[in-house]
Ligand SMILES: *Cc1c(COP(=O)(O)O)cnc(C)c1O
């Protein structure tokens, strides 16, 4: 085989990327990926399985997922005049948005934020720019407005709340961005179920605004279903780059079932929010840690200098997997992120953390 076959055939920006890596969690308490820790009861599982019984796996799914689309509009209180585009996770929607832009388009986001904005932009050969957040992870509005003027981004991504920092950005700052930008502004509300804040109502005021959500963090990460809401003239164009049948029949039927039992998730997300408050208080009790406020289902905290790797490894040794963000450096140096799990998982995490801290002082 030719030694440099791949290097000769693929674009340099693809060759320069690293694949999105997911840590192996086998045998570990999994608090690394913002999943809802709760599985359904046997009774609910039985009803779900019954709903799948008549799925025609031999047929292609409904290409526009009409019933699911309508239910999403209803359960998310989306006004009738806006359109909803569904994706195989919101990751696929990020890809669709970027694929629809001109080849030399500038993309703007903040740093640190969700890694797929950059990853997909670069893989498509688009020009990705980022503006650093301030030390407290708030928006640097003057720097952002300057970047908008210089780069004229075709699209701006803002996660609200932000991942991996957990905070909600200032509403008036986002409004200034919406007013200044002549391109699209995508507000990524992946953590809406835990935030009690949304830009959905701002759709009426900004025609360049799109609001994106996902069912992943709500409790259906395995289904892969995300959606984006906006002006129908925009959604209509995005729909052209969507692959036919991107929402498979099992996802369509299962999501319809799940969203018809919304109260299940409300109880779970409320419990997760309560557990988040408890865990924040406990972490704040560890005076050597800096704990950042969170409106999501995870908590970002900063360890004493140069100790994040060792603390992360110590937790893993005790059977607990969280996310080590310290290798990303910059504002995330010495930072770890824990997803809020079940009460007993959170307490195992906290106990293990205290032990690790004490062992290595
Ligand atoms: C998890 C996450 C996503 C991706 O969600 P999927 O729907 O599972 O692809 C998008 N945006 C942010 C900010 C996230 O944290």
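Among 108, 98, 124, which one moves the most in a GNM of the chain with springs linking Cα atoms closer than 10 Å? Highest fluctuation of the listed residues: 124. At residue 28 and residue 221, where each label point lies 7 Å from the Cα along Cα→Cβ, what is the point-to-point distance in nanometres? Using points 7 Å along Cα→Cβ, the separation is 1.2 nm.
Would you mind telling me which residue in 295, 26, 121 has the biggest mean-square fluctuation in a Gaussian network model of the chain, where springs connect alpha carbons within a distance under 10 angstrom? Its mean-square fluctuation being the largest, the pick is 26. Label positions at residue 55 and residue 6, each projected 7 Å from the Cα along the C-beta direction, are separated by 3.3 nm. Counting neighbouring Cβ atoms within 10 Å and putting the fewest first, the residues 229, 131, 354 line up as 354, 131, 229.
Of the residues 8, 242, the one with the fewest other Cβ atoms within 10 Å heads the list, and the complete ranking is 8, 242.
If you run the Gaussian network model on the chain, springs between alpha carbon atoms under 10 Å, then out of 139, 332, 28 the most flexible one is 28. Maximal additional length on extending the residue 250-residue 115 stretch stands at 45.8 nm, based on 0.36 nm per residue less the C-alpha distance. For the chain, adding -39500 (n - 2.57) for each run of n ≥ 4 DSSP H residues and dividing by the number of residues yields -12000 deg cm²/dmol at 222 nm. For the chain, the fraction of C-alpha pairs more than 32 angstrom apart is 36%. State whether region 104-159 is rounded, prolate or oblate according to the following rule on the C-alpha gyration tensor (a ≥ b ≥ c being the square roots of its eigenvalues): a/c under 1.5 gives rounded; otherwise a/b larger than b/c gives prolate, and the remaining case gives oblate. In terms of gyration-tensor shape, oblate.
Shape analysis of region 59-261 yields a ratio of the Cα radius of gyration to the Kirkwood radius, Rg/Rh, of 0.95. Averaged over residues, the count of other Cβ atoms within 10 Å places the peptides 82-90, 30-38 in the sequence 82-90, 30-38, highest first.
As a proxy for reagent exposure, 212, 289 were ordered by neighbouring Cβ count within 10 angstrom, fewest first; the result is 289, 212. A Förster distance of 25 Å, applied to the separation of the beta-carbon atoms of residue 67 and residue 175, puts the FRET efficiency at 0.10. Here region 337-355 and region 48-66 have alpha carbon centers that stand 39 Å from each other.
Every read-out reported here was derived from the displayed coordinates using simple, explicitly stated rules and does not represent laboratory data. These figures come from a predicted structure and were not determined experimentally. Every residue, glycine as well, gets a Cβ built from its backbone with ideal geometry; the counts of neighbours run over all protein chains shown.
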